[in-house]
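The values are calculated or read from the model by the stated rules, or taken from the named source; none is laboratory data. None of these values were measured; they are calculated from a predicted model. Cβ coordinates were reconstructed from backbone atoms using ideal geometry, including for glycine residues, and neighbour counts include every protein chain displayed.
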Amino acid sequence: MFEGLKKKYIDWEISKLWKNKKRNKQFLNWQEVKKVILLYDRSTLKPDLLKQIFAILDGKQVMAWTVVEKDEFKKETINIAMMAPNEWNLLMKPKDFVLSRFNSFEADILIDLTMQEILPLKYLHAVSDVKCRCGLSRFGDITDFSIDRTPNMKEMDLLNQIIHYMTIINQKEKKLEREMVE
């Protein structure tokens, strides 16, 4: 029951925030993307797979965010931020200093690779000031570019689909430019 209350609180906070917040969302092609915020579930995305994801995103400046349990060792690196339970309130809303740190990285795009709802990351997803938010379609309005989840879909599949469709956007733009010139 308390978990349901936390979810309703986060959803209420997001809807309250969105009533007053104006955003200029923009669909980018993959070549335009310079900086990426990556949200991921540390319990399902193991370090080897995370390294592969960083390799795929080579050439882009990446800041990854995840959550850790209170008994886990929190070892942040230059481009991986880990939120511990003392960094969000009782109902799982990240504290102001976390939000400030999160929004200090001015990214072009946010890619949410979480396969299940993680409330502190969902809140970060919603408050980000990026031009385009990508992820699974389960979040409804807070995702600009969403992918439907298929059975057995993994994080790498989701990332590859997002990159694929963003590359297609680039190819279609170039085709339209060529047609306009001719």
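Tabulated results
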item	result
Number of positions in segment 1-23 that are among the small types (Gly, Ala, Ser) and over 20 Å from residue 130 (Cα atoms)	1
Residues (surrounded by 12 or more Cβ atoms within 10 Å (Cβ to Cβ) and among the charged types (D, E, K, R)) located in segment 19-46	23, 32, 34, 35, 41, 42
Every pair of residues 6+ apart whose Cβ atoms lie under 8 Å, when the first sits in segment 95-121 and is of a type in the set (Val, Ile, Thr) while the second is surrounded by 14 or more Cβ atoms within 10 Å (Cβ to Cβ) and assigned to a loop (DSSP other than H, G, I, E, B)	109/28; 109/33; 109/130; 109/131; 114/40; 114/41; 118/41
Contacts under 7 angstrom Cβ, first residue in segment 5-27 being within 13 Å of residue 142 (Cα to Cα), partner hydrophobic (A, V, I, L, M, F, W, C) and outside any loop (DSSP other than H, G, I, E, B), 6 or more apart	10/119; 14/126; 14/142; 17/126; 17/127; 25/132
Candidate set: segment 90-123, residues that are surrounded by 14 or more Cβ atoms within 10 Å (Cβ to Cβ) and among the polar types (S, T, N, Q); chosen: the one nearest to residue 167 (Cα to Cα)	114
Residues being within 27 Å of residue 96 (Cα to Cα) and at pLDDT 80 or above - total across segment 17-32	1
Condition met for residue 97 (more than 14 Å from the chain's Cα centre (by Cα) and farther than 18 Å from residue 18 by Cβ)	yes
Qualifying residue in segment 8-17 (condition: surrounded by 11 or more Cβ atoms within 10 Å (Cβ to Cβ) and touching a helix residue (DSSP H, G or I) at 6+ places or on another chain (Cβ under 6 Å))	yes
Hey, residue 45 farther than 20 Å from residue 163 by Cβ and not in a strand (DSSP E or B) or not	no
Residue within segment 58-78 that is in contact with a strand residue (DSSP E or B) (Cβ under 9 Å, 6 or more places away or on another chain), surrounded by 13 or more Cβ atoms within 10 Å (Cβ to Cβ) and assigned to a helix (DSSP H, G or I) present	no
